[in-house]
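Quick notes on the structure that follows.
The values are calculated or read from the model by the stated rules, or taken from the named source; none is laboratory data. All figures in this text were calculated on a predicted structure; none of them were measured in a lab. Quick reminder, even Gly has a Cβ in these numbers, built from the backbone with ideal geometry, and neighbours come from all protein chains shown.
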């Protein structure tokens, strides 16, 4: 299934923060995890991922550090910050409001049982 | 194969104008391409083809580079520069005002010239990559100690045929202010070097202390050593040496307390301490004046004249020697509490802003370098303000950076400030090098009746 690009761009940062909420990851790991968890719906290009990650770091939503990965090679890991968690919660609420509104419209509007 | 990767990375970096970010971006993207290539190779794709596919997966290099260019911009802390300009201007205006009272003349060209030279030095240090402090720590330290030594021996002059070292007055105390920044490089260089590293860091403090102590104690020297001890304590807590924290802190603090006690036993220091703490019959003339200055200060405007023990009343600068060290007392006397508190509030806002930006540093090197400058500025200014109150003993008032004092010292403060701006400019692109995760072996170990001292040995975690 493919999704509209605009809808995706707006929510990618939310998805990345959600991944990092579970555990610290490096870039390649994130792309793999996202693709796995979404049944290959979200296949992010590295060229999209890194500018986004670096922007999130700039905004202090994530922080990074160097660590040896399971392959023994040094990798740049990203971790979500407290500020990032707050941002994620806000984004999640906005998203839920948005999707429930869309669902309501698709179902044919709100019903009032009187 | 590697050329393809290099070509891709070069194209990305060509779009990023901020050169300091290149290394960081290149490494991360290269790692990604290698991971992706290995994943394709594991699926049975030939190596050459796997690389091509991995690069294609990355996306358009020009687009990636352009997006990263928007993220990475050098950050100039203009507000900090404005703070410093403000203090410098207030300092000069005050010098003009006070000198017109005392000498009826304008501040010397030297003072104004030193600001311009200082600004030039600041711009130079701002553009120097501060990571050289860590990359060339030993070289920088060696040059620093040699410079201190040369100044020390050059300032010797013979009295009755014997050389007398008058190191302090003209040259050496300013140089000691650079020590915390140089020391940060040494601390960083010693990361992961266990108890041997701790001892070498402690030993590195000795030559600059020796070159700076003239009459048994030198106030600036004492406070700078305190800054270094604080920096070292932070490094221990950050596990830079991979050693047991409690025992290492004892290793650091016991000799320092011992040295402090030893210095306090010096006859000149003991005499000064006696007068400063007990002060029988107001023997300390300057303390007496400063205390009376506070008592007679008004809320806004000129305070009461200073009452001398003889009962005679005189203006502050008729009884106090003119020196930029006494600027806070002068503001209080001629401007009142409101002006003094306003000035101090702005100054502490400046220090708080430096602390906030230092804490935001991603790399430990950036954090510690910024902290070394922050602590130096803070300790000097707090000591000066406390000394100006007259309610605390003093040896030497020191100065509030950028505000009191001109000349060489001024240029030196701009040097430190330039380094600080360099940290804030490029700090987001600095990544600490990994050090070994292994912890140090105990410092002392008894084995078969012999004592083994482990300086640089680490535990073999594989066991």
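Some observations on this one:
- You will find that of B:68, B:24, the residue that is surrounded by 21 or more Cβ atoms within 10 Å (Cβ to Cβ), under 41 Å from the mean Cα position of the chain (by Cα) and over 19 Å from residue A:35 (Cα atoms) is B:68 and no other.
- Residue ranges of helices (runs of 4 or more DSSP H) in the stretch B:106-212 with at least 2 members modelled with pLDDT under 90 and exposed (fewer than 13 other Cβ atoms within 10 Å of the Cβ): B:109-127, B:137-154, B:167-170
- Long-range neighbours under 6 Å by Cβ, at least six apart or interchain, first residue free of Cβ contacts under 8 Å to residues at least 12 places away in the same chain within the stretch B:229-247, second surrounded by 14 or more Cβ atoms within 10 Å (Cβ to Cβ): B:245/B:236
- Residue match in the stretch B:72-86 (condition: assigned to a loop (DSSP other than H, G, I, E, B), surrounded by fewer than 19 Cβ atoms within 10 Å (Cβ to Cβ) and within 11 Å of another protein chain (Cβ to nearest Cβ)): yes
- Criterion applied to B:317, B:290 was being surrounded by fewer than 22 Cβ atoms within 10 Å (Cβ to Cβ) and either over 30 Å from residue B:180 (Cβ atoms) or in the same structural domain as residue B:424 (by TED's automatic domain parsing) (or both), and the one residue passing it is B:317.
Yes/no matrix, rows are residues, columns are (1) over 20 Å from residue B:61 (Cβ atoms); (2) in contact with a helix residue (DSSP H, G or I) (Cβ under 7 Å, 6 or more places away or on another chain); (3) at pLDDT 90 or above:
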residue: A:7; (1), (2), (3): yes, no, no
residue: A:10; (1), (2), (3): yes, no, no
residue: A:15; (1), (2), (3): yes, yes, yes
residue: A:18; (1), (2), (3): yes, yes, yes
residue: A:24; (1), (2), (3): yes, no, yes
residue: A:38; (1), (2), (3): yes, no, no
residue: A:42; (1), (2), (3): yes, yes, no
residue: A:47; (1), (2), (3): no, yes, no
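- Residue B:65 under 29 Å from residue B:419 (Cα atoms) and within 14 Å of chain A (Cβ to nearest Cβ): yes
- Answer from B:355, B:350, B:377, B:367 - the residue that is under 28 Å from residue B:234 (Cα atoms), within 14 Å of chain A (Cβ to nearest Cβ) and at pLDDT 95 or above: B:367
- Figure legend. Inter-residue proximity from the stretch B:263-287: first residues under 21 Å from residue B:308 (Cβ atoms) and assigned by TED's automatic domain parsing to the domain that holds residue B:385, second residues assigned to a loop (DSSP other than H, G, I, E, B) and modelled with pLDDT of 75 or more, beta-carbon distance below 6 Å, spacing 6+ or different chains. Indicated pairs: B:287/B:390.
- Search result, residues across the stretch A:33-58 that are within 10 Å of another protein chain (Cβ to nearest Cβ) and surrounded by fewer than 16 Cβ atoms within 10 Å (Cβ to Cβ): A:43, A:45, A:58
- Within the stretch A:12-31, being within 8 Å of chain B (Cβ to nearest Cβ) and part of a helix (DSSP H, G or I) holds for A:27, A:28.
- Out of B:246, B:242, sole residue that is within 19 Å of residue B:190 (Cα to Cα), in contact with a strand residue (DSSP E or B) (Cβ under 7 Å, 6 or more places away or on another chain) and modelled with pLDDT of 85 or more: B:242
- Restricting attention to the stretch B:330-352, the residues that are surrounded by 15 or more Cβ atoms within 10 Å (Cβ to Cβ) and in contact (Cβ under 8 Å) with a residue 60 or more places away in the chain total 6.
- The condition of being touching a strand residue (DSSP E or B) at 6+ places or on another chain (Cβ under 9 Å) and either part of a helix (DSSP H, G or I) or within 8 Å of chain A (Cβ to nearest Cβ) (or both) holds for residue B:32.
- Residue ID - modelled with the highest pLDDT, chosen from residues in the stretch B:250-281 that are surrounded by 12 or more Cβ atoms within 10 Å (Cβ to Cβ) and over 29 Å from residue B:203 (Cα atoms): B:274
- The single condition from (1) touching a residue at least 12 places away in the same chain (Cβ under 8 Å); (2) surrounded by 15 or more Cβ atoms within 10 Å (Cβ to Cβ) that residue B:59 fails is (1).
- Residues in the stretch A:67-84 that are over 18 Å from residue B:431 (Cα atoms) and not in a loop (DSSP other than H, G, I, E, B): A:82, A:83, A:84.
- Looking at A:72, A:84, A:108, just one residue is more than 14 Å from chain B (Cβ to nearest Cβ) and on the phi > 0 side of the Ramachandran plot, and that residue is A:108.
- Residue count for the stretch A:33-66 satisfying the condition of being in contact with a strand residue (DSSP E or B) (Cβ under 9 Å, 6 or more places away or on another chain), part of a helix (DSSP H, G or I) and more than 22 Å from residue B:13 (Cα to Cα): 1.
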